[in-house]
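The values are calculated or read from the model by the stated rules, or taken from the named source; none is laboratory data. Since this is a predicted model, take the numbers as computed values, not measurements. Here the Cβ is made from the backbone with ideal geometry for all residues, glycine too, and neighbour counts use every protein chain on show.
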Amino acid sequence: MPQTLRLFTGLALEYHLRRNLDLMLEHLRPLAPLHWSPIHNFHITTKFIGPWPAERLDELKAALAALEPRGPIITPISGFGWFPNPHHPRVLFAGVQAPPSLFDLAARLDASCARLGLAPDPRAYRPHLTLARVRGSVDLAPLRQAITQLPSADFGVSSAARLLLYKSEPGEHTSIYTVIGDYPL
């Protein structure tokens, strides 16, 4: 039976950003029993690929390597939000103040993957940084209040010079992300 990999592309965050987010989350984690993302999983997704045949991995890597580098992507990270909306949240995220170059990269990735037979995402690209997932019915009032009382929700600026191809595998408490491809931006 052919092996299938679960893949996505993304931009890694520098240590100072991961640390700023982690310090803030130390304060917020005790306020709601969410499935909090571990600091080492923080990234900005640029393209969710999903299930991909292992025997076609080299083909995908070649397509990613063929993307024309256009320079680093500078992205401020600040604020909070809820997907799909604040009234019925499933995800708590940190805001990504995306420059046009990030949207351009996402569009180029969509087009490149479409040439390999992967259907383009029908939804508009909404860059974000997943902090936690909401499972079931959870009282979010203490968490929401604490977020509004934070002295700052500015976590810093990300400067990404590499596009990463990640493999996602289920772990005991959270997904395990492994970089399996690295391409210049």
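Checking the structure you have, find out if any residue of the range 128-144 is farther than 20 Å from Pro33 by Cβ and loosely packed, with under 11 Cβ neighbours inside 10 Å. No.
Among residues of the range 30-48 being in contact (Cβ under 8 Å) with a residue 12 or more places away in the chain and in a helix (DSSP H, G or I), the one that is nearest to Ser78 (Cα to Cα) is Ile39. Taking strands (runs of 3 or more DSSP E) as the structural unit, those lying wholly within the range 90-185 and holding at least 1 residues that are farther than 19 Å from Thr9 by Cβ correspond to 91-96, 128-133, 154-160, 162-170. Look at the range 53-65: where a residue is of a type in the set (Gly, Ala, Ser) and a partner is not in a helix (DSSP H, G or I), sitting 6+ places away or on another chain with Cβ atoms under 6 Å, you get Ala54/Gln3; Ala54/Leu5; Ala63/Leu116; Ala65/Tyr183.
Scan the range 1-18 for residues that are of a type outside the set (A, V, I, L, M, F, W, C) and touching a Gly at 6+ places or on another chain (Cβ under 9 Å) and jot them down.
Arg6, Thr9, Glu14, His16
Regarding Leu17, is this residue within 30 Å of Asp121 (Cα to Cα), in a helix (DSSP H, G or I) and not polar (S, T, N, Q)? Answer is yes for this residue.
Okay, residues lined up against (1) at pLDDT 95 or above; (2) surrounded by 17 or more Cβ atoms within 10 Å (Cβ to Cβ); (3) out of contact with any Ser or Thr (no Cβ under 6 Å at 6 or more places or on another chain); (4) more than 20 Å from Leu21 (Cβ to Cβ):
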residue: Asp58; (1), (2), (3), (4): yes, no, yes, yes
residue: Lys61; (1), (2), (3), (4): yes, no, yes, yes
residue: Ala66; (1), (2), (3), (4): yes, no, yes, yes
residue: Pro76; (1), (2), (3), (4): yes, no, yes, no
residue: Phe80; (1), (2), (3), (4): yes, yes, yes, no
residue: Asn85; (1), (2), (3), (4): no, no, yes, yes
residue: Pro89; (1), (2), (3), (4): yes, yes, yes, no
residue: Ala94; (1), (2), (3), (4): yes, yes, yes, no
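If you go through the range 54-74 and keep only what is over 18 Å from the mean Cα position of the chain (by Cα), of a type in the set (A, V, I, L, M) and outside any loop (DSSP other than H, G, I, E, B), you end up with Ala54, Leu57, Leu60, Ala62, Ala63, Ala65.
For Pro51, work out the one condition from (1) surrounded by fewer than 16 Cβ atoms within 10 Å (Cβ to Cβ); (2) in a helix (DSSP H, G or I); (3) touching a strand residue (DSSP E or B) at 6+ places or on another chain (Cβ under 8 Å) it doesn't fulfil. It fails just one condition, (2).
As a summary of the residue check, Ile147 satisfies the conditions (1) more than 27 Å from Pro53 (Cα to Cα); (2) surrounded by 18 or more Cβ atoms within 10 Å (Cβ to Cβ); (3) touching a Phe, Trp or Tyr at 6+ places or on another chain (Cβ under 8 Å) except for the one numbered (2). Pairing residues of the range 97-110 that are closer than 20 Å to Gly50 by Cβ with residues that are at pLDDT below 95 and in a helix (DSSP H, G or I), at Cβ distances under 8 Å and at least 6 apart in sequence or on separate chains, gives no pairs at all.
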